Structures are given as structure tokens and as C-alpha cells.
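A.B. asks: Before I ask anything, let me first share the structure, which is written out below as C-alpha cells.
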Amino acid sequence: MTDFLVHEAIEDYAFISTGAEPALLQELIDATNENMGWPQKLSGRLVGRTLKMLVALAQPKVALEIGMFTGYSALSIAEGMPDDGRLICCETNPRAIEFAQGFFDRSEHGHKIEVIFGRALDTLETLNLELDFSFIDADKRSYLEYYERVKTMTRPGGLIVLDNMLWSGKVIQPESDIDDTLVELNRRIAADPDVENIFLTVRDGVNVVRKLR
């Protein structure tokens with residue numbers, strides 16, 4: 001598969017036709033590209049503005065992110081939240097946490113963000129709260145476990161957004177355990193009477209799930 005699931009010119013057109021992220025986030029992108037390994041893990045404008053729009057519409061008071069990396073998606077989510085909102089971010093990379101915190105400290109939305117170091121599944125066991133919104137973008141091998149645990153913590157009407165659900169197109173012809181995990185999760189979500197969802201072909205595939213009951 002190529003880096004683009006649609007023609008690169010169409011991807012570029014969608015990018016320039018989407019309202020730009022704030023200047024601080026543009027600076028974060030540049031700094032990530034210059035200083036961090038695997039900068040392509042950063043969600044980018046199309047996913048980031050999708051998250052911000054969903055959050056701005058839903059107005060969650062309590063949100064969760066699994067897999068923060070350098071903080072681009074966290075700041076996108078926090079931007080759309082009410083001023084008294086709380087976003088809990090799970091991350092296992094200490095260098096990424098330090099990097100992201102520097103940008104959180106400079107953002108007017110940074111006070112909404114709380115970062116917890118450690119394995120997300122361990123962190124979730126310690127959280128006694130009801131979630132309004134979650135964004136899952138971490139270890140794909142654990143996606144089924146992440147989703148099922150987050151679903152139980154989500155209030156009826158709450159949203160769960162999962163990134164990389166096309167997995168560079170590998171879900172069409174799965175060849176590995178990770179491919180199989182994502183195929184099974186997409187199947188499980190679509191068949192679940194307790195949720196409704198829409199699968200968006202944004203970047204690498206974004207599955208937006210709304211819990212019904």
C-alpha cells in the first residue's frame with residue numbers, strides 16, 4: 001500500500017480545504033518532525049479537526065485519550081471541550097510526555113489535560129469515572145481490549161473514536177494478528193446493537209461510535 005489511501009492530490013485538496021489548526025499546533029507538528037522518531041504517528045489536520053469538531057458538538061466534560069504521542073490530538077480535543085472539561089491522556093513514552101507537556105503549558109486549553117504515564121489498561125483499572133468521549137490511537141494489538149473496557153466506562157450517548165481502523169488498507173486482505181484484530185473490532189462494532197457507528201475514510205480510517213445503552 002502507498003502512504004495515501006486515496007490519490008495524493010485528493011488528500012492534499014482535502015487538507016488545504018479544511019480550516020487550519022491553531023498556530024501552536026502547527027508549531028507542534030514542525031517540532032515533532034524535527035525532534036521525534038516516527039513523526040507520522042501524529043494524527044494531523046484532517047483527523048485533528050475532525051476530533052475538534054466532534055468534541056465541540058458533543059461538549060464532553062470527561063474525556064479520555066489512549067495513545068497521546070506528542071499531544072497534537074490531545075490539544076485538538078481539549079480545544080473543543082468546555083473550559084471546565086477534563087481530558088485524561090494515557091501514554092507510555094516519557095520523552096513524548098515531556099515534549100507534549102511543553103506545548104500544553106503554552107496552550108490556553110492545556111489546563112484541561114491530565115497525563116498519566118503507564119499502560120493504558122492498567123490506568124483504566126484505576127479510573128472510577130463515567131466517560132463522555134474517548135479517542136483510541138495506541139497499540140493496535142490491544143484495540144479490542146481498549147474498546148471493550150472504554151465502552152463499559154462510557155455513558156449512554158457518549159462517543160468513542162478509534163483511529164487507524166483501515167490500517168493502510170490491510171483490513172481488506174489481513175495477513176497478521178494486528179490486521180485480524182482490527183477486522184474483528186470493525187465487525188464487532190458494526191454488529192453491536194448497543195452502539196451506532198459511522199466509519200469515516202479520513203486519513204487511515206476513523207470509526208466513530210456512539211453508545212446507545
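A.B. asks: Quantify how much of the Cα-Cα distance distribution of region 1-112 extends past 23 Å, in percent.
C.D. replies: Counting pairs separated by more than 23 Å, the tail of P(r) holds 28 percent.
A.B. asks: Straight distance only, please: which aspartates and glutamates reach the Cα of residue 41 with their own Cα at less than 14 Å, same-chain residues fewer than 8 apart left out?
C.D. replies: Those aspartates and glutamates meeting the cut-off are 3, 30, 91, 137, 139, 163, 204.
A.B. asks: Explain nothing, just the number: dipole magnitude of region 1-145 about its Cα centre with +1 on each Lys and Arg Cβ and -1 on each Asp and Glu Cβ, in debye rounded to the nearest 20.
C.D. replies: The calculated dipole for region 1-145 is roughly 120 debye.
A.B. asks: Protein chains only, probe 1.4 Å: how do 130, 98, 65 rank by accessible area, largest first? Could the numbers behind the result be given before it?
C.D. replies: Details: 130 110, 98 145, 65 0 Å².
Output order, biggest surface exposure first: 98, 130, 65.
A.B. asks: Going highest first, how would you order 82-88, 15-21 by mean Cβ packing within 10 Å?
C.D. replies: 82-88, 15-21
A.B. asks: Here is a further query. Which order do 132, 30 take by accessible area at a 1.4 Å probe, largest first? Show your work: numbers first, answer last.
C.D. replies: Details: 132 25, 30 85 Å².
The residues order as 30, 132, largest area first.
A.B. asks: Given a cut-off of under 8 Å on Cα pairs at least six residues apart, what relative contact order in percent is computed for the chain? If you can, show how the numbers build up before the last one.
C.D. replies: Numbers: 360 pairs, mean separation 37.4, N = 213.
With pairs under 8 Å counted, the relative contact order is 18 percent.
A.B. asks: Would you rank 47, 171 by solvent-accessible area, highest first, keeping every protein chain in place and using a 1.4 Å probe?
C.D. replies: 171, 47
A.B. asks: If you don't mind, another one. What percent does the relative contact order of region 48-131 come to when contacts are Cα pairs within less than 8 Å and at least six residues apart?
C.D. replies: Working: 137 pairs, mean separation 25.7, N = 84.
Value for region 48-131: 31 percent.
A.B. asks: How many percent of the accessible area of the chain is carbon or sulfur, using a 1.4 Å probe?
C.D. replies: Of all accessible area on the chain, carbon and sulfur atoms account for 51 percent.
A.B. asks: Turning to a different aspect of this structure: Just the accessible area per residue of the chain, please: how many Å² with a 1.4 Å probe? Provide the component values of the computation, followed by the final result.
C.D. replies: Values: 10490 Å² over 213 residues.
Value for the chain: 49 Å² per residue.
A.B. asks: Something else now. How about residue 211: which aspartates and glutamates have a C-alpha closer than 13 Å to its C-alpha, ignoring those fewer than 8 places off in the same chain?
C.D. replies: Cα-Cα hits under 13 Å: 130, 132, 148, 192, 194, 196.
A.B. asks: Run the 1.4 Å probe and let me know the accessible area of residue 69, rounded to the nearest 10 Å².
C.D. replies: Using a 1.4 Å probe on the heavy atoms, I get roughly 20 Å².
The values are calculated or read from the model by the stated rules, or taken from the named source; none is laboratory data. What you see is a predicted model, and the numbers here were worked out from it, not measured in a lab. Neighbour counts run over all protein chains shown; Cβ positions are idealised from the backbone, glycine included. In case anyone asks, the SASA skips ligands and DNA or RNA and just uses the protein heavy atoms, side chains included. Shrake-Rupley method; radii C 1.70, N 1.55, O 1.52, S 1.80 Å.
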